[in-house]
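Note sheet for the following structure.
The values are calculated or read from the model by the stated rules, or taken from the named source; none is laboratory data. As the structure is a prediction and not an experimental result, all values here were calculated from the model. Cβ placement follows ideal geometry from the backbone for every residue including glycine, while neighbour counts extend to all protein chains displayed. Ligands, DNA and RNA are stripped out before the accessible areas are found, and what is left, the full protein with its side chains, is counted by its heavy atoms. Shrake-Rupley method; radii C 1.70, N 1.55, O 1.52, S 1.80 Å.
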Amino acid sequence: MNKPFGNADEKLSGYVTRVYAPEDAVLAEIRARSAAAGLPDIQVAALDALHLEVLARAAGARRAVEIGTLGGYSGVALLRGMAPDGELDTIELSERHAEVARESFRRAGVAARARIHVGAAADILPQVARRGPFDLVFIDADKPSTPDYVRWGLKLTRPGSIIVIDNVVRNGDVLDATGANESAAAMRQAMAVLAAEPRVTATVIQTVGSKGYDGFAIALVTA
């Protein structure tokens, strides 16, 4: 689908980026090194990383789970927003991606607080759950599995925790109810899971910027 705002979204993104300068030298280096290592350019945008940092701070997060490490860009952002002794359990399918992330955490000075689990999230989440409950869960992995990850997020959290799902708008493709787009269909299902869950209050925040028109689903666990 077409972007709904023409180029106004790009102008706004540029303005907000100039005002808040979300990407410092550490994050820029992670982005560049990830690209040089051949990782796909699917890490969160710089402004979205800042959103994650703010959410982690607002939640007072001390323990968090990230599903989808990639090169460590979003993980560093989360850890920056967490308590000084906060710990992140982050799950990555690819050992090659995990190796890049290890170096990212080391260079960012947060390696001691980041625990990388390599393998399929479906296999690792039951192990991670033993360390719960967690204050924040960030879901940004294989999109068709997102509804299952949301269900895991509900198991991993407690009242007051936040669950964040990336890429829920997908340039407006989430409006397609035909199911032709597998990733968009998965996002519709994931949001339906949250909407049907009486223990959460959830919303969607639309985002625009370098990654196009997209958004986060954000759920607060209330009971």
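Data overview
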item	result
Residues of the range 173-223 that turn out to be within 14 Å of GLY153 (Cα to Cα) and of a type in the set (Lys, Arg), as a count	1
Options ALA121, ALA108; residue that is closer than 23 Å to ILE30 by Cβ, in contact with a Phe, Trp or Tyr (Cβ under 7 Å, 6 or more places away or on another chain) and at pLDDT 95 or above	ALA121
Selected residue (criterion: nearest to HIS51 (Cα to Cα)) from residues of the range 193-205 that are surrounded by fewer than 15 Cβ atoms within 10 Å (Cβ to Cβ), more than 18 Å from the chain's Cα centre (by Cα) and in contact (Cβ under 8 Å) with a residue 12 or more places away in the chain	THR201
So LEU55, is it at pLDDT below 95, part of a helix (DSSP H, G or I) and on the phi < 0 side of the Ramachandran plot	no
Residue match in the range 123-133 (condition: part of a loop (DSSP other than H, G, I, E, B), open to solvent by less than 40 Å² (accessible area, probe 1.4 Å), under 23 Å from VAL54 (Cα atoms) and out of contact with any Pro (no Cβ under 8 Å at 6 or more places or on another chain))	yes
Whichever residue in the range 34-52 is in a helix (DSSP H, G or I) and touching a helix residue (DSSP H, G or I) at 6+ places or on another chain (Cβ under 7 Å) and, among such residues, is nearest to VAL118 (Cα to Cα)	SER34
The range 59-95, residues that are free of Cβ contacts under 8 Å to residues at least 60 places away in the same chain, outside any loop (DSSP other than H, G, I, E, B) and either in contact with a strand residue (DSSP E or B) (Cβ under 7 Å, 6 or more places away or on another chain) or surrounded by fewer than 24 Cβ atoms within 10 Å (Cβ to Cβ) (or both)	GLY75, LEU79, ARG80, GLY81, GLU87, LEU88, ASP89, THR90, ILE91, GLU92, GLU95
LEU175 open to solvent by 10 Å² or more (accessible area, probe 1.4 Å), of a type outside the set (Lys, Arg), touching a residue at least 60 places away in the same chain (Cβ under 8 Å) and farther than 15 Å from VAL204 by Cα	no
Unmet criterion (only one of (1) within 19 Å of ALA45 (Cβ to Cβ); (2) touching a Ser or Thr at 6+ places or on another chain (Cβ under 6 Å); (3) part of a helix (DSSP H, G or I); (4) of a type in the set (A, V, I, L, M)) for VAL174	(2)
Selection count, the range 98-115, where residues are open to solvent by 40 Å² or more (accessible area, probe 1.4 Å) and of a type outside the set (Lys, Arg)	5
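Quick grid of which residues meet (1) in contact with a strand residue (DSSP E or B) (Cβ under 6 Å, 6 or more places away or on another chain); (2) within 19 Å of ASP166 (Cα to Cα); (3) not aromatic (Phe, Trp, Tyr):
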{"position": "ILE116", "(1), (2), (3)": "yes, no, yes"}
{"position": "GLY119", "(1), (2), (3)": "no, no, yes"}
{"position": "ARG131", "(1), (2), (3)": "no, no, yes"}
{"position": "VAL137", "(1), (2), (3)": "yes, yes, yes"}
